[in-house]
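Remarks on the structure that follows.
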Amino acid sequence: MAGFVDIEDVELTYRGENGGVLALQGTSLSVGKGEFAAVVGPSGCGKSTLMKLVTGLVRPQRGRVAVEGAVVDGPLKIAGMAFQNPTLLPWRRTIDNVLLPMEIVEPHRGRFRAEHARYKTMAEELLATVGLGGFGDRYPWELSGGMQQRASLCRALIHQPALLMLDEPFAALDAFTREELWCVLRDLWEKHRFTVILVTHDLREAVFLADTIHVMSARPGRIVTTRRIDLARPRELSVCYEPAFVDIVHELRDQIATVRRQ
C-alpha cells in the first residue's frame, strides 16, 4: 500500500476482566490523499475501532497503521475529529469551542495569545461558511442540534487538518438537518480537499459523500469489499433519487446483509 492512510493486516483484541474480544483481524485498507472514504458494516464490526487506530488512540497488537508514510505511535496531531454527539463545552461560547484546538495543538498553542485576533477571525469565517455567522457568542445550549453539529465540524477543521475523521456525525439528527449537513460537508471538502474517513450506518450518506466505500465484515472486522463511487461531482441531493444511486445503495445493503449472516 502507498496511501495517505494505510492500515495493513491489523489485529486488535480488547482485554477485559471476562476475557478478550477480538475486534479486528486481518484488516487492511488504504485511503489516498484528498480522498473521501466511508466505512460501513454491521453494528459491532469494529468501524469505530478503526478510527481509534488511525488517530493513535489505540495501538494494534499486530499489523501496521501509517499516516503520510509514518507509523502512528501516539495521538495524531494532523487529524480533526467529529462524533455523533457534538460534545461542545457548555460553559464556553460557540466561538471559544471552535477555537479549542488552537489552544491545544502545536504550533498554534504557542501562538494563541499573540495571534488570538487572527484565529478568532478564522473561526468567524468558518462559522459563516457553515451557516452560523453571528452565532459565535451563543452558548451551545442556545443552539439546535444541527447548529451544534455544524459548530463541531468547525472545531474539527479550525486548525486546517490534513485528515478529518468522522464517526457517525449526523446520526442523531432529523432527516432534513442531516441532508443539509451532508451538503455543508460536501462543500467544505470540495473547497479544501482534506482527506476524510467517515464511519456511518447510513448507506445513502456514504454514497452521496464518498469517493470510495469500504464494507466491513461482522466481528472480528475486516474489509470484505471496496466499492468505488463513480457518480459525478459535485453531487446535488437530487442524485439520491436517481436509479444509479439507488442501485449502489441496494448493492451495499445486500453485501452487509450477507456478511451479517456469515
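Rule-based calculations on the coordinates, nothing more; no lab input. Since we're looking at a predicted model, the values are computed, not measured. Glycine also receives a Cβ, built like all others from the backbone with ideal geometry; neighbour counts cover every protein chain displayed.
In segment 182-262, what GluC sites (Glu not before Pro) fall in a loop by DSSP, with at most 13 other Cβ atoms inside 10 Å? Hits after loop and neighbour filter: Glu236.
Residues Ile78, Ile104, ranked from the fewest to the most other C-beta atoms within 10 Å, line up as Ile104, Ile78. Within the chain, the proportion of Cα pairs with more than 35 Å between them is 16 percent.
Here r is the Cβ-Cβ distance between Asp247 and Ser28 and R0 is 25 Å; the resulting FRET efficiency, rounded to 0.05, is 0.40. For the options Ile95, Ile248, Ile197, a Gaussian network treatment of the chain with springs between C-alpha atoms closer than 10 Å singles out Ile248 as fluctuating the most.
Distance distribution note for segment 134-183: the fraction of Cα pairs above 18 angstrom is 35%. Taking only alpha carbon atoms, segment 180-262 gives an Rg to Rh ratio of 0.98, where Rh is the Kirkwood radius. Build a GNM of the chain with springs between Cα atoms under 10 Å apart, and of Gly34, Gly134, Gly16 the one that fluctuates most is Gly16. Here Ser238 and Arg113 are evaluated by their C-beta separation; at R0 = 51 Å the FRET efficiency comes out at 0.60. Straight-line cross-link partners of Lys47 among the lysines, defined as a Cα under 26 Å from its Cα and at least 8 positions apart when in the same chain: Lys33, Lys77. Our coupling estimate for segment 152-163, obtained by passing each phi through the Karplus curve with A = 6.51, B = -1.76, C = 1.60 and θ = phi - 60°, is 5, 4, 4, 4, 5, 9, 4, 8, 6, x, 6, 9 Hz, Gly and Pro reported as x. Exposed loop sites, defined as trypsin sites (Lys or Arg not before Pro) outside DSSP H, G, I, E and B with at most 16 other Cβ atoms within 10 Å, are absent from the longest region of the chain, namely 194-262.
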